[in-house]
Each structure stands twice: as C-alpha cells, then as structure tokens.
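The structure appears below as structure tokens.
The values are calculated or read from the model by the stated rules, or taken from the named source; none is laboratory data. Since we're looking at a predicted model, the values are computed, not measured. Backbone-built Cβ (ideal geometry, glycine too); neighbour counts: all protein chains shown. Note: areas computed on protein heavy atoms with side chains; ligands, DNA, RNA excluded. Shrake-Rupley method; radii C 1.70, N 1.55, O 1.52, S 1.80 Å.
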Amino acid sequence: MKTEASAQLFTQAKALIPGGVNSPVRACRSVGCDPLFVAKASGCTITDVDGNTFLDFVGSWGPMILGHAHPEVLEAIRRTASDGTSFGAPSPLEVELAAQVCAAMPAIEMVRFVNSGTEATMSAIRLARGYTGRKVVVKFDGCYHGHADSFLVKAGSGVITLGIPGSPGVPDDIVRNTLSIPYNDVAVLEQTLRDPSLDIACVIVEPVAGNMGVVAPQPGFLQTLRELTRELGIVLIFDEVITGFRLALGGAQERFGIIPDLTCLGKIIGGGLPVGAYGGKREIMSLIAPDGPVYQAGTLSGNPLAMAAGLAMLQVVRRPGFYEELEKKSAWFGAELEKIAANSSVPTTLNRVGSMLTCFFAAEPVVDFTSALRADTDRYGRHYRQMLANGIWLAPSQFEAAFVSAAHGRQHLQKALDMTESSFKKLIV
C-alpha cells in the first residue's frame, strides 16, 4: 500500500492545522499510524490520495446511510447550488425538511435547524434551562454530545480515545453544573434525580451510546429514565445525532417506544453536508427567539444545500423495505462476526444495534463506560492496521461505531469478514 502522498500532506498539515487534522480522532494516534488523506468516495468505498481503495465502515461517522455520492443526493445538491449556496434568509427547503422531520420523529412537533450536532445539543440544554428555570445538566459517563463546555465531563468519542479526562478551558462553575453518572445504572439514576439538593434542568442521553463504542440500553433503563424525568419535571433530551434516521425512520425513540421532551439530530438529515437540529414539544420550542426569550441564531442555519441533500436522503430511506433490508444484512454481518470471534482465542465482545456495531477487544460484556475502558486498545490498533492493509477502512478508535450502509452488498460484507478472520489469526501472536 502506497502512502507517500498522504505522508507529504500530513507533514504540510501539521505545520498549519493543530495535530494536522480538523477533528482529533482523525489523527489516528490511538491506532499507531498516520492518517490517510481521502481523495474521493463512492458507494461503500473510499479512495485515498495515493490511489488506495478501501471498503468503508466509517461512513463519515454515520451520515452515509445510503453510501457515498448517492446519485439522488448529488443531483439535489447540484440542482440547488445552481440557484445559490446560501441566502441568510428563509427558503422553502427549510419548511419542507422541517415537515419531514416532524412527521417522522414521534417526539418532534417543532424543529430548529443548526449547523452541527454540537450546536444542537448546546442549544437544547440552554432551552431546557430556560424552560425549567433550573441549572444542572445530567449526562452519562462515556456519552458524547459534542464539544460544548457542559459536555466534556467524562465524555466519549475523541475525549476517551485520546485519554483526556475533560478539557482545560472549561470553567469550574460549568463543571459544577454538570453531573455525569453511569450509563445503564438505574439505581444511581434514581438516586441522582430524586436528590432534593440538586437543581436538575435536564437529562441528556444517547439512547444507544455510540461514542464509547456501541452500547445498547439495558432493558428498562430508558423506560425508567422517562418515568422519572416526567414525574420530577425534568426535561429529557435524546441525543439522536447518530441514531436519528439510522435505527429506524423515527430513530431510537421509535425503536424503543420512548418519547423524550427534546431531540437532537444531525448527520443523516444533512445528506452528508454539515447540519444539526433540535426539536420537541411545541410548548418548549415556543420559548426560542423570536417567539420567546431563549436566544439561538446561526448565519448558515437552514443552509439550502444541506436542506436539499437531507430531503433527498430522507426520500430514499422512506421507501418501503429500506430499514428492513438494512437490518437484515446488518444482523447477518454481526452474526458472522460473532462466529469468527467464537472460533478465535482473541477475547472479543460484539455489540450491535441495527446498522451500528462495535467489536470490543474485551472478554466481558460491555454495558457501560467502565466496561468499555477494559477493552484492549493496543490489540484494536493492531487489528485496525491489519484491516487497513487489507483494504478495510475502520474507525481509528476502539471507542467508535462501525456503520453498515445500503451500499454494502453481501460480497462487500463477506470480504470484510474474510479479512477479519485473517486479522484475528495474526492477533493471537
């Protein structure tokens, strides 16, 4: 595998961009190699600047549910771009996508578009504080909700990948107003929420954790969370930036039958372009300016290109049988991976929910942040490099999800299985 062009670009980038990357995990430090620079992508493949082509299981970290460069999405972007790329004013596409989102997501009566998942989550907690008049945000260890100050306490994604406990630059008074508790621990959840000394405005949760690796909610966890927050007048926020339109048309809230007060979205609703959104009950959302006093704004919010791409993406996933087919092949792929693991002496635990999955190099079940941290990251690094050398592009972190897309055919998944089996044999040494 040639890497000369990528190496040259990385050298240039490190002199101009912190770490040579614009998002930390991309630096590939935790997997013991330098990043490859991507030139193009199509379907379920990605090609680097040296001409190496890989089967892609990162999918731009989740939004590429149809695969890369889907013709209907590209056509929507081209058609819209010919009329202008940004207006700083309302456009019909915003209304159309808002209608689609509200129709699909059970909890959303009104929605506000922003430019990223981080914008969505930080805006949602501001709104929850404004609605309740309370201060404290409760999150869960290992869940990642973007890089806003309130969310960097015991966060997942790049924070855990790089071994950063929090972040300098986050004021102590913000940390004091953020409580992080164990994911899937109902006893601690109830003790925390019922504590009369706490001034809890909201609880924010990934209904399926995707940023400490994929961790499913234990039976009853989300139900208890919904019952407690409703009883205690606490706003429940589902961060469905990853799971929204990924696990079902109505996201995790449809899959698990839980209706939160607010929902944060991103990724798929932008069709691969930068986007975020937050929405929920009309009585809460009506507090956002200009209707109410909770301020949030964005010059590029509702960008026409992102709206058009998102509409095209949603048009495809709404077609009959789309999610059933995606679930079927993801389940087959996960089952075959489990067979490979079972026939190997390499300690592994496979977690899968829908088309999201993580193979943890851990002997025991991974059900929370503590058990995720027991995974063998050195072994994952070796596995990552071996898979890359054999044409398989995985997330450069043990603590991220792999994604199956509609573009992955049985032959692509079989190749990934064959390469996994080969890699596992080498990991025994």
Counting Lys and Arg as +1 and Asp and Glu as -1 over every other residue whose Cβ sits under 12 Å from the Cβ of Gly271, the net charge comes to -1
Quotient of Cα radius of gyration and Kirkwood radius for region 216-282, i.e. Rg/Rh, equals 1.00
Listed by chain and number, the residues whose amide H is under 5 Å from that of Ala39, excluding neighbours fewer than 5 places away on the same chain and using placed H, are Thr47, Asp48, Val49
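What is the diffusion coefficient of region 171-227 in µm²/s, taking the Kirkwood radius over Cα pairs and the Stokes-Einstein relation at 25 °C with a viscosity of 0.890 mPa s?
For the chosen part, D equals 194 µm²/s.
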Highest GNM mean-square fluctuation among Lys281, Lys139, Lys267, for the chain with Cα springs under 10 Å, belongs to Lys281
Rounded to whole Å², per residue accessible area for region 234-362 with a 1.4 Å probe reads 34 Å²
For the chain, the accessible surface attributable to carbon and sulfur atoms (probe 1.4 angstrom, ligands and nucleic acids excluded) amounts in percent to 53 percent
Between the modelled labels at Lys415 and Lys14 (7 Å from Cα along Cα→Cβ) the distance in nm is 3.1 nm
Taking 0.36 nm per residue of separation between Ala69 and Ser422 and subtracting their Cα-Cα distance, the length gained on full extension comes to 124.1 nm
Mean-square fluctuation maximum in Gaussian network of the chain, Cα pairs under 10 Å, restricted to Ala335, Ala395, Ala252, hits Ala335
Region 59-89 scanned against label point 7 Å out from Phe322 along Cα→C-beta; backbone N under 19 Å for 59-80
Highest mean packing first, using Cβ neighbours within 10 angstrom, the peptides 206-212, 383-389, 402-408 sort as 206-212, 402-408, 383-389
If unit charges are put on Cβ atoms (+1 for Lys and Arg, -1 for Asp and Glu) and the dipole of the chain is taken about its Cα centre, the option from Gln218, Thr53, Ser30 lying farthest towards the positive end turns out to be Thr53
GNM on the chain, Cα springs under 10 Å; top mean-square fluctuation among Phe238, Phe333, Phe360 goes to Phe333
Taking a crude spin-label model, label points 7 Å out from Cα along the C-beta direction, the Ser197 to Ser82 distance in nm is 6.6 nm
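If each DSSP helix of 4+ residues adds -39,500 (n - 2.57) and the sum is divided by the residues in the chain, what number results at 222 nm, nearest 500 deg cm²/dmol?
-11500 deg cm²/dmol
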Among [x] 1.19; [y] 1.02; [z] 0.95, the entry matching Rg/Rh (Cα atoms, Kirkwood Rh) as calculated here is [z]
